[in-house]
Structure formats: structure tokens, C-alpha cells
Amino acid sequence: MAPPAGTIRPWRHLAIFLLIGIVLYGLVFFTGDGKPVPKLGIDLQGGTSVVLTARTPDGSDPSRESLNTARAIINQRVDGLGVGGAEVVLDGNNIVITVPGSGNAEQAKTLSQTAKLGFREVIAGPFDPAAVAAGGDEKSEADDEKAEKGDKSSGSSGDKPDSGKKSGSDADKGSSSGGGSAPAGQGALAQQPDNDDDLDEQTKKEIAAARKVRQHKDLASQDPAKQRAAIERAVKELQGCAKNFDDPLRGNDLPDLPLVACQRPSDAAGSSEDAADEPRQAYVLGPVVLDGTMVASSTSSVNPDSVGYQVNIDFTSEGNDKWSELTAKLAQKSQLQGLDNPARVAFVLDTEVVSAPSVTQQISGSTRITGDFTEQEARELAEILKYGSLPLSFETQDAQSVSPTLGLSSLRAGLIAGFIGLALVALYCLFYYRLLGVLLFASLIFTAAVVYPVIVLLGRSVGYTLDLAGVAGLIISIGVTADSFIIYFERIKDEIRDGRSVRSAVPRAWVRARRTILSADAVVLIAAVVLYILAIGQVKGFAFTVGLSTALDLTVVFLVTHPLMVLAGNWKILSNRALSGLGLVQDEGNLAAARRKARTATAKGV
Amino acid sequence: MADEKTYSLATPIDQEPKKHSVFARLYMGTGAFNIVGRRKIWYSATVVLLLVCIGSMIFRGFNPSIEFVGGTKIQLPAVSAEGRLDVDRVEEVFADTLGKDPVAVQEVGSGPDATIDIRSETLTNAEVAKLKDALYEQLQPLGTDGEPDRAAISDRALSGSWGGEITEQAIIALVVFLALVGLFLAFYFERWMAVSALLALGFDLTTTAGVYSLVGFEVTPSTVIGLLTILGFSLYDTVVVFDKIKENSKNLLDLTRMTFPEAANLAVNQVLMRSINTSLVTLLPVLALLVIGVGMLGAGTLKDLALVMSVGTVAGTVSSVLLATPLLVDFKMRYPEYREHERRVMERRAQTQQRKGQLNEQISVDEETLEAEMRRERAYAAASSVPGRTLRRIDQQRVAGKEARRSGRGSGRPTGKPTGKRRR
């Protein structure tokens, strides 16, 4: 900084600020969608938000990793609802689902059931469910093939009839008793009734009906005709596995029964719309042989033998035995069917087939799944498989739908309160600081002018949503912002009281005020950052805007208020007591100066 | 020697204090309010207030919101296709549909934004859907476009643990914040300033919580959050006061001009108007928020945050002026060097007084010595109270030199400006 300290080149600073402003607004208008509107929270625009808390079966805190997996799973379920603009984010141990607007988003409230991962044998498929349901030639061909396959598979493995019978008896039990008493995934048994309580009668009926057809014991029947009929009936239920197919059975399938299920959408992470529109494949699956708790670990890595990525799975000892048994059976089946149509095993999550790799040999111990995986696909699959070893249940903490009317009212109230707050502060400062108050008001406006684009940009880049608490934070920050200027102006007054001219008071006051402003703002910033990082719920929005305003307030004080004050120090008009608001202190200052002068005179005289 | 507790607190330069109005005195910040000297009063008041607050918290407890106790809340616009809705009518629909009574139904807010709030025990998703259907069919609430709309009905179901979870996180945040800020203050100021500031903060928290308990305001998660923000704002005030004290008491022990309590009191007075301004300026938007929040929306985040902030801001201002500084003074005066210094100041003051008395008796003697003495004293005073001593030495000299040249005054006699040389 140019000496002496506290003296600056005001125009340069103002120019820097102007540049910042131009860049910010440039980004707002010429990047993204170019709309200068911040991303609004559910409470300001209406919509549905659900807060789910993830709980582990033993009550310990779920790890970050498993929470991320859980988030991905919930995300997938939300995508399955086919509502636009939905978001799933982690907030502490909570998973927050937000669905703007008021569509069929209320279903988002029913997504809290425990995710269950199961390994099922593929009896038939993959095939195009639409074609089967349509009942064309293709269908019968496919069905014949399937029936044949079913025969083969049952013929090839000794234990097949047994398992079929066992599941058959379970099926009767399951369909007659409805959801409540049905056996659920092992890991989350305790939570299952909770989830069922949450469902209304109609949903329960839908689930029972879907189970009846899609988990019919005949799906694994020895009799090709029976099986074919069962598959046909079941596939109709799938509605062609269309993107907006809202599976009533999702997460509610019974593990001991066969199942007809759709392939999970290829872009479950939910990026490109086109890929999701492609028809999904369907599978006819045997009962669950291994469940997710039998997976010890799973990772993704580069395939050392060829290009691409692979997924590695390790099982627990119990899982290992079952896996070995299952793969032996499937390998045998593959040999019978030939290499062009190998037997497959399906990883089923939430009643959707995540992946169905083919099995050509018996595997015991570590298993690797290779294929056309991209890095992300491999990682996602590994995450899902890993998730199975730690089944989380979700408790609905806060489920709300805000009507657009209420959102609009809140937004309006926030804006009005903001304007009134700003006006009151401006009036008070004009009254108290007179001409300097104008400077203060200008600084407030400038701060608001940079806060706004930053919020818009943050909404675009990192998905920051401005909610009601955030608006409150902004309004409350008006005080902090104005306060920096008050510290500075009071400091100037101190200097003037000591007999300095406005002009010479400014740089000296600045040096001291700067220190105070920095330390005081630091305290508010610490508070905001700590709150933002540690607190959950609406606090985040509040802490964020308070922190943001404080940081930007510093920018404005340094780049605008101080330079303007330096310029103003040269104005003659500030010597006008009525306008400057400095009357009393100037009197005092003049007095001090006069006394000094007198003393000087005396000293010279002596 | 004067009574130890009454300090003469005239500003160093203004040797003949003029009587100004209270406002003018505030505005001038000339140290006319003896705040530190009366600290016994503030302490007693604080203790009484704290006892009342803590007592109320223990015996009366709080009025927890739905987030803490769990339940379902339904909100619908008070304006329907058939005109304004009646609270009783809504209650009736509720009872008819679900076969049980709601906990409370009330109309909140005003004008087009008025809503009817229904609170009930926790309803299942199915019950909520059924109720919303019934409310929509029978009451026809209007949506944003002025047409009856089912989506105009908001609902919220809360498990009782949500508020607790938020509070738990908030308490963790509080502890971390206190630790960080304690470190920051100890580093930036000094240990006792940090302790005093945190004690004052404790006062703010307790009184704000106490007011909530006493008045019976509803405690929501937003309240808890607002309470945390107060911490920042309240400390902000204290930081500004302490900054001034730090400045005023620089090299204080090397001079016999002022005692530490006097310096602290002067500092408080100098920033008093600023403290009041700050609080007002913080309060004005908060009050706007409160009025609009309650007036338009009736309840919710805006009201909760604004209410807790207004209570906390007032407590914060009061505590930083009346509590933090006196506490700091008492902590400091436990050190022998500060007490010794105070004794020296008093001694010297008595001497001067005595000499003045002698002078009055034999006026002609030694006028020059006295003049020199007075000059030196003024120089000390100026050096200890005028800002700018934190400049780097080189800058300091440059500034001083430049100004001296500009003003045409030579150096060699105290000008009330720092010269960068410490005079002893």
C-alpha cells in the first residue's frame, strides 16, 4: 500500500469493485440459463421435502461411506418416481429429499423403507417386457425359449424342485396375509413393521396384489405351460418397465419367492434423460439365495486383464458357502445352455435388477465381475453391493409439503421485511450521520448488489438453495454490514474530535477501524462457518447467508466505503455542520485546535 | 486522596468539561458515564437476573414446538372459493374425516397470506391424504392462480426426535464455536479478555433462554439456531469494546496518567454510542422481520429467528457494556502490577493536587516548572489516548513528520500527535 498508511488511491479501488460487479453479473447473465433468479428452497416456492435419518440395525452412527451409498439408493428411488427437479442431499446423518412443485411428489414421503439387496438366480431373461406383454410372435418365441430354459435349469440342478416347493408354500402365506407379517430382509427386520405402518390401506392392497402375480410360485414351476402363463401374467404388471413405472412392490418383494423384475435404469445417478427413456429389460428370477448381509466387502478397480473396470466382491464365510453352491449350479447350467446363453445371477436392490452377470464356472472366495463397466458404473455397482453388508433403515423425521401459495407468501414476507429493514436502517443512518449516512446507504446497496449475483451463481454451480432461513439471514446481516460502517464513522468522529480536519481524519481513522472491523467480522464469520458445518436443518441456509454477507461486507468496506470516504473527505460540504452530522464533534475539535494554537502561541512567546 | 471508587474521567484534552445533554454526552463519547465504577450494581443485577432465568428454566421449563414433540401440521389458505374460512368449520371437517379431534386449529397471519393452521397428533400418510382430500372437497381453498387447488394445502409430519436432533447438533456447534472463539480472542486480545467475553456470552445465552421460558414463547429449532447466531453478534459488540480498551490501555502501566479501570471506562464511553448504534441498526431489520413475520405469516421461521434475535441483541449489547468490561477490570485488578499502578496514579494525583494547592498560596513561584510539568502531562495523555500507535514505526514517523511539515509547526513540543518516540 502506498505510504503513508491509510492513504489509498480511491478510484483504483472503486474500479476493482466495479470490475468484480461486472464479472459477477456477466456470469449471471451469460452462463447457465442466464436467468437472474436464485434457486429457491421448498419453503419459498412450494414443493415436498422429506428428511430421512439413516439408522443402522445396531443403532451406531452410519459411516460417511454407507450414508453416501444410502443417498444414492434414495436418489434412485426418487428417480423412479419420475418427478422433475428432485434432489437428494446428505445433511449430517440425514438424507434430505426435496421435490419442487406440487406434482405426485407426495409419494416421496413413502420412500423410507429399508433397502434390501439380494442375489437371485436368473430363471429367464433379460427380455423386453413390452414385447412379451404385447403378446406378439416374439413373445411366444421368447416364452418358449424361457420355458425351455426353465426346464433345463430345473433339470440340471438337483435342489431346484425343493426350493420351488419351499417357496411355493411361502407364497401362499405371503399373499394371504398381506404385507405386515411377511418375512423381510434379514438385516432390517426390526424396522419393517414401521415402514408398513406408514403405508395406507390402498398401498398395502397394491403390494399384496403385485406379490400375488409377480411373485407367483408358478414362475419357478416345473411345468413349462404353467410357468409361461405365470410369466405372461407377471410381465403385464410391469407396464413395460417404462421410466415412470411406479413399482408398488419396490422394496417389498418377499425374498423366499421367485420374482419378475425390471432392470434398474442405466443412469440411476440421474443425469441424461435420453438413456432413461430406453425400454428396460425384465428378468424372471428365482428366490433370494444370498442377501446383502453376506457380502463382506466390495470394491471397484481397473480390470488388469483387459480394458475397463471391474468390481470385486468378498463374502462372509456363510455367504461364501452359498455363493460357491450357487455358482456351481449356474456353471453347470451354463455348460448345458452353451456359451452364447450362459446362466446368470442377478443382484436385486429394491426389486430392481442392478446387474446380472453370467456365471460360467464355480467360484469360491473373492469374485470379480468384469464387463463393459465405466469407472463410474463399476464404482456404483461396488457401492450398492457394499451397501448390502450394512443395511440401513430410514426413519422419516420431517415430511412436509409446502403449497405454492404458502411459499409465495413466505417469499413475499421475506422481501417486504428486507426492504423495510433496509429502509429503517437507511433512515436511521441518514438521521444520525446525515451526509455520511448517504455513503452508508450506498454501501448497503452495493453489498446487496454483490450478494444477489453470488447467491444466483452459487445456486447454479453448487446447487445452493435460498430458503426462508437464508432470507432471514440476509436481512439480519443488514445490521452487520451497516455496523462495519458505523465503526469506521465513529472512528472518524474520534479523530475530528481531536481537532483534525475531515480530510486528515479519514486515513488515520481507517487504520484503526480496519482492525476492529476485521476482528469483529471474524467473530461473526467463525459463528457462521461453525454453524454451517456442524448444524443440520434450516440452520445451514441461515448460517450460509450470514457468512456470505459478512464476507462480502468486508469486500465492500475495503473497496467501496473507504474509497468513497476518502473522496468525500475532500468535499467542502462536509464542513457544513448541519449536513455532515459532525457538528458537535467539530466544535469540540475546533476547541481542541484552538487550545493547541493558543498553547503554541504561548510557547513561542515564552 | 479521593475515594477509590470514584474516578475523575474527563477526556484528556477537554480539561474544562462543558455540560451537554445526555444525548450529546453519548454522542461525544467523552466518558461522562461511570460504568466501571458502578460495577457492583451491574453484578448484583446480573446475579438476580440469572437466578430468575435459571429458576424459570428449571421450574417453568420451555414451550416446545411440534418439532420437539412430534405431530402433524396442516396449513391451508384462509381464503376459499366460498369466502373466508371459519376455524370451526375446519375443525368440523377434521373431526368428520378422521373421527378424532385436532390438537389445535387457529387462523394466523393477515390479508391474502392468512392461513389456517391445524395441529394434531401424528397422522399416517394415508390419513393426511384423506384429510387433504376432504379439506379440498369441502372447503375449496384457493391456490396461487385463484382457483381451488388441492396443492394449496400444506402439510408437515414431524417425528418427535427431529427437534432434538437439531438441538443436539446445535449444542455441538455451540461447544466448537466457544472453543474456537475463545482461542481467537485469547490470541487476538489476551486471556482475561477472552474469559470476560465468554462469561458475558454465557449471560446472553442464559437471559435469552430465560426470557423464552418466562414469557412462554414457543421454542422451535429456529429458536435454537437464532440463539447460536446471537453468540456471534453479541461477541461482535464485545470485541469492539475490548478493541478500544486494548488501544486505550496501551503503555498504560508506563504512565501515571490513568488507572486501568479509568482507561476501560473511557473506552466503554467512547464506544457507547457505537454500541447503541450497532444494536439499533441490528435490531431495526430484525424488528422488521418480526413484525412482517408475525403480521403476514403468523408464525414460522421468520418469526422464530427474529424473536430470538431481538431478545439476544438487547442482551448482547447490555452485557458487552455493563458486564464484559467490569469483569475484565476485576480480572485485571487481581494482578499486583495493575494494583501497584493504580496506587502510583493516585499518589501522583494527590501530589499534583498538593502542588496546585501550594501554588495557589504562593503564586509567583516556579510558574515555569509547573508549565513544564503540565506540558509533559498533556503529552502523556495524548500519547496514551490518541490512536495510530499501532502503525509500523516507520510509517508512524513518516506520518508524523509529514503532518508536522504540513502544519508548519516544528517538532520539539508535544502536539498531541504521536511522534513514535516513547517519552519517559
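Structure notes:
- For segment A:320-388, the normalised intensity computed at q = 0.19 Å⁻¹ comes to -0.84 (log10 of I(q)/I(0), Debye sum over alpha carbons, equal scatterers, no solvent).
- Summed residue charge, Cβ within 10 Å of residue B:219's Cβ, Lys/Arg positive, Asp/Glu negative: -3
- Averaged over the residues of peptide B:121-128, the number of Cβ atoms from other protein chains lying within 10 Å of each residue's Cβ is 4.
- Peptide A:425-438 - average C-beta neighbours from other chains (10 Å radius): 2
- Phi-derived couplings, Karplus 6.51 cos²θ - 1.76 cosθ + 1.60 at θ = phi - 60°, listed residue by residue for segment B:311-327: 4, x, 5, 4, 4, x, 5, 4, 5, 5, 8, 8, 10, 4, 5, x, 4 Hz, with x used for Gly and Pro.
- Sorting B:83-96, A:321-334 by average packing, meaning the other beta carbons within 10 Å per residue, from highest down gives A:321-334, B:83-96.
- Cβ-based net charge around residue B:323, under 13 Å, with every Lys or Arg adding one and every Asp or Glu removing one: 0
- Phi-derived couplings, Karplus 6.51 cos²θ - 1.76 cosθ + 1.60 at θ = phi - 60°, listed residue by residue for segment B:210-223: x, 4, 4, 5, 5, 6, x, 4, 6, 9, 10, x, 4, 4 Hz, with x used for Gly and Pro.
- Residues whose amide H falls under 5 Å from that of residue A:290, counting only those 5 or more places apart or on a different chain, are A:119, with hydrogens built in the peptide plane.
- Working ranking of peptides B:158-169, A:347-358 by packing, defined as the average number of other Cβ atoms within 10 Å per residue, highest first, is A:347-358, B:158-169.
- Built amide H within the under 5 Å cut-off of residue A:466, gap 5+: A:39, A:40, A:41
- For segment A:398-511, the spread of Cα positions along each principal axis, largest first, Å: 63, 30, 23
- Charge sum, other residues only, whose C-beta stays under 14 Å from residue A:411's C-beta, Lys/Arg counted +1 and Asp/Glu -1: -1
- Put simply, when B:253-259, B:194-200 are sorted by average Cβ atoms within 10 angstrom per residue, most first, you get B:194-200, B:253-259.
- HN-Hα J in Hz across segment A:61-77 - Karplus 6.51, -1.76, 1.60, θ = phi - 60°, x for Gly and Pro: 6, x, 6, 4, 4, 5, 5, 4, 5, 4, 4, 4, 5, 4, 4, 5, 4
- Relative contact order [Cα under 8 Å, 6+ residues apart], segment A:519-559, whole percent: 42 percent
- Inter-chain Cβ neighbour count for B:232-243, averaged per residue, equals 6 (cutoff 10 Å, partner chain atoms only).
Read-outs throughout are calculated quantities, based only on the coordinates presented, and are distinct from any laboratory measurement. What you see is a predicted model; the values in this text were computed from it and never measured. All Cβ positions, glycine included, derive from the backbone under ideal geometry; neighbour counts span all protein chains shown.
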